[in-house]
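> I have a structure here, written as structure tokens, and I will follow up with some questions on it.
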Amino acid sequence: DADEAIRALRTATQQTLGASAQLNMVGDRANVTLKDASPDALAEWLSQARLNARSVPLEARLVQGSAPAGVTWSGVVMMALPAR
């Protein structure tokens with residue numbers, strides 16, 4: 001169900017990416033804006049988004065950055081969710 005997929009994506013985003021991500025819903029699409037997300041957190045989030053929310057990445061516009069802790073990713077990932 002679409003509502004369950006949205007809840008799962010919100011949970012994955014909050015738990016895995018925390019303050020480094022903002023989730024915006026647009027119909028059956030989710031735009032996730034990232035700011036200095038760690039590669040490990042981004043990989044874990046993508047895995048959870050695909051498995052738990054049954055979402056599929058449609059487009060990613062990411063820029064690699066650096067922080068004292070190492071490499072980071074910033075940009076936008078557009079995900080398709082199950083239709084309502």
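> If we keep just the residues of region 10-48 that are in contact with a strand residue (DSSP E or B) (Cβ under 6 Å, 6 or more places away or on another chain) and of a type in the set (A, V, I, L, M), which is farthest from Trp73 (Cα to Cα)?
Ala30
> Looking only at region 48-84, count every residue that is of a type outside the set (A, V, I, L, M, F, W, C) and outside any strand (DSSP E or B) and tell me the total. Show your work before the answer.
Taking region 48-84 and keeping what is of a type outside the set (A, V, I, L, M, F, W, C), we get 48, 50, 52, 54-55, 57, 59, 61, 64-66, 68, 70, 72, 74-75, 82, 84.
Those left that are additionally outside any strand (DSSP E or B): 48, 50, 52, 54-55, 68, 82, 84.
Residues that pass the stated criteria total 8.
> Only one of Ala53, Ala83 is of a type outside the set (Phe, Trp, Tyr) and open to solvent by less than 20 Å² (accessible area, probe 1.4 Å). Can you tell me which?
That would be Ala53, the only listed residue that is of a type outside the set (Phe, Trp, Tyr) and open to solvent by less than 20 Å² (accessible area, probe 1.4 Å).
> For region 10-20, what are the residues that are small (Gly, Ala, Ser) and surrounded by 15 or more Cβ atoms within 10 Å (Cβ to Cβ)?
Scanning region 10-20 gives Ala12, Ser20.
> Then there's this: Tally up the residues in region 21-47 that are buried (at least 16 other Cβ atoms within 10 Å of the Cβ) and either touching a residue at least 40 places away in the same chain (Cβ under 8 Å) or in a loop (DSSP other than H, G, I, E, B) (or both), please.
Number satisfying all stated conditions: 4.
> Further question on the same structure: Filter region 58-71 for residues that are within 18 Å of Ser20 (Cβ to Cβ) and either modelled with pLDDT of 95 or more or touching a Phe, Trp or Tyr at 6+ places or on another chain (Cβ under 8 Å) (or both); which is surrounded by the most Cβ atoms within 10 Å (Cβ to Cβ)?
The residue in question is Ala60.
The values are calculated or read from the model by the stated rules, or taken from the named source; none is laboratory data. Predicted model, so just to flag it, every value in this text is computed and none were measured. Neighbour counts run over all protein chains shown; Cβ positions are idealised from the backbone, glycine included. Just so you know, the surface numbers come from the protein's heavy atoms only, side chains and all, with ligands and any DNA or RNA stripped out. Shrake-Rupley method; radii C 1.70, N 1.55, O 1.52, S 1.80 Å.
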